[in-house]
1. Residues that are more than 24 Å from residue A:57 (Cβ to Cβ) and either modelled with pLDDT under 90 or open to solvent by 30 Å² or more (accessible area, probe 1.4 Å) (or both): does region A:115-130 have at least one?
2. Show the residue pairs meeting these rules: Cβ distance below 8 Å; 6+ apart or different chains; first residue within region A:76-93 and open to solvent by less than 40 Å² (accessible area, probe 1.4 Å); second residue part of a strand (DSSP E or B) and among the charged types (D, E, K, R).
3. If residue B:137 satisfies every condition in (1) farther than 19 Å from residue B:202 by Cβ; (2) touching a residue at least 12 places away in the same chain (Cβ under 8 Å) but one, which is the exception?
4. Would you please name the residue that is farthest from the other protein chains (Cβ to nearest Cβ), looking only at residues in region A:95-129 that are without any contact (Cβ under 8 Å) to a residue 40 or more places away in the chain and at positive phi?
5. Yes or no: residue A:172 open to solvent by less than 50 Å² (accessible area, probe 1.4 Å), in a loop (DSSP other than H, G, I, E, B) and among the small types (Gly, Ala, Ser)?
6. Among the residues in region B:42-54, are any in a strand (DSSP E or B) and not hydroxyl-bearing (Ser, Thr, Tyr)?
7. Would you confirm whether or not region B:172-179 contains a residue that is over 20 Å from the mean Cα position of the chain (by Cα), open to solvent by 20 Å² or more (accessible area, probe 1.4 Å) and in contact (Cβ under 8 Å) with a residue 12 or more places away in the chain?
Amino acid sequence: MMGPELERLVMLLAKLPGFGPRSARRAALSLLQKREVLMRPLADALLAAAEAIRPCSVCGNLDTTDPCGLCADARRDRATICVVETVGDLWALERAHAHKGLYHVLGGTLSALAGQRPEDLSVEPLLRRAASGEVREVILATSATVDGQTTAHYLAGRLRDTGVAVTRLAHGVPVGGELGYLDDGTLTAALASRRPA
Amino acid sequence: MEGWEDEAIVLAVRAHGEGHALASVLSREHGHWRGHVRGGQGKAGRGVWQPGNRLAMRWSARLADQLGHFTGELEDAAAARALDDAGALALLSSACAVAEGALHEHEAHPLAYGGLAALMDRIGEGDALAPDYVRWEVALLAELGYGLDLSVCAVTGQPDDLAFVSPRTGRAVSRGAAGPWLDRLLPLPPFLLGNAAIAPGDVAAGLRLTAHFLGRDVFGLRNLPLPPARLRLADRFS
């Protein structure tokens with residue numbers, strides 16, 4: 001039997017990615033057992049984050065400053081913009097230290113089923129940034145799915161008039177991947193994207 | 001326990017929960033079907049459950065009227081062949097969206113399936129496949145009971161010089177008989193009458209023709225607009 005406060009805590013935790021009702025109960029119990037060292041600091045951190053973190057008005061990244069730390073960083077290559085679907089994708093690229101330029105978060109992909117239209121995505125701000133004169137290349141880093149690549153082709157068409165170079169991520173064999181273990185789709189895409197050795 | 005095994009093409013996939021999906025497929029013998037796919041949006045499943053891919057599919061449910069579950073093994077990765085080509089991707093997305101919206105569930109449509117499978121087999125040809133795509137939409141209209149009559153002129157009864165289609169009846173009209181109705185008739189591209197060479201503008205005319213009847217007789221009857229993917233395909237050729 002749980003009181004209403006605990007029940008509410010479990011219900012909210014269960015809404016987090018990777019959590020179900022059972023894992024939420026375990027997490028709630030763990031928090032309660034570490035009330036001072038974990039639960040209160042976590043509550044403070046959640047409150048502070050909810051108050052301070054906002055989407056960057058330039059790229060759509062989440063940060064406590066606007067423009068965000070990445071957009072304000074003078075050491076980054078301002079001539080290259082990498083377009084990603086979500087902030088999670090931006091974080092993945094930053095984790096890999098793969099891109100030294102700026103980013104632009106679209107906020108999703110074109111999708112007939114989900115009802116996502118071009119006007120629902122951050123397309124116009126991207127076009128304005130690309131046409132600013134400072135940008136030389138836009139890298140389309142959308143996912144290798146039908147929706148992701150439909151979005152990439154749509155953006156490539158819209159960016160054509162700006163005169164900037166538009167490139168896309170390659171599709172193919174992952175680092176450490178053995179051909180025998182790859183799925184047919186990846187093998188097909190890898191063969192289609194082959195390049196001179 | 002209810003179930004079937006069949007060859008099927010994925011038409012649409014919607015994320016369900018964190019790693020699962022709700023899929024809509026067109027199977028050879030069982031027609032348009034929906035089901036839950038465990039892990040369909042996960043690391044391994046996401047590449048398999050893409051629109052256009054052909055799978056060896058199994059559907060199972062405790063009762064026949066339940067949503068049920070799909071499991072599938074990839075047989076042909078059409079989506080992967082289309083990813084790099086904007087034309088191929090536009091055709092694939094449009095074909096899947098039109099089939100998904102036009103075909104009723106749990107009704108076998110072997111001709112629509114055969115035509116779609118043939119398109120997906122050749123999806124790598126990109127824009128060159130567009131005339132065959134238009135022919136598939138004409139065949140789809142016929143299979144749904146809204147076939148165009150392109151055999152003879154609706155006015156003269158003669159099979160010669162057919163150049164237009166009546167937007168009301170779907171019957172062909174010859175150039176000579178078009179007369180006062182010319183501005184109201186839909187142009188009939190010659191490639192729909194046989195193996196005529198494709199002239200510039202023919203594909204756009206074919207897409208306008210089928211869009212009119214799909215919009216009015218198939219999607220319109222359900223108060224639905226044409227799918228956005230179909231509109232984007234028409235824009236591409238307009």
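The values are calculated or read from the model by the stated rules, or taken from the named source; none is laboratory data. Since this is a predicted model, take the numbers as computed values, not measurements. A quick note on method: Cβ atoms are made from the backbone with ideal geometry, for glycine too, and the neighbour counts reach across all protein chains shown. Side chains are part of the model used for accessible areas, which takes the heavy atoms of the whole protein and leaves out ligands, DNA and RNA. Shrake-Rupley method; radii C 1.70, N 1.55, O 1.52, S 1.80 Å.
1. yes
2. These pairs meet every condition: A:79/A:137; A:80/A:137; A:81/A:137.
3. (1)
4. A:97
5. The answer is yes for residue A:172.
6. Initially, region B:42-54 is screened for residues in a strand (DSSP E or B), giving B:54.
Keeping just the survivors that are not hydroxyl-bearing (Ser, Thr, Tyr) gives B:54.
Yes, region B:42-54 contains a residue that is in a strand (DSSP E or B) and not hydroxyl-bearing (Ser, Thr, Tyr).
7. Yes, because at least one residue in region B:172-179 is over 20 Å from the mean Cα position of the chain (by Cα), open to solvent by 20 Å² or more (accessible area, probe 1.4 Å) and in contact (Cβ under 8 Å) with a residue 12 or more places away in the chain.
Okay, residues lined up against (1) under 14 Å from residue A:84 (Cα atoms); (2) touching a residue at least 40 places away in the same chain (Cβ under 8 Å):
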site	(1), (2)
A:131	no, no
A:143	yes, yes
A:151	yes, yes
A:155	yes, yes
A:159	no, no
A:163	no, no
A:166	yes, no
A:176	no, no
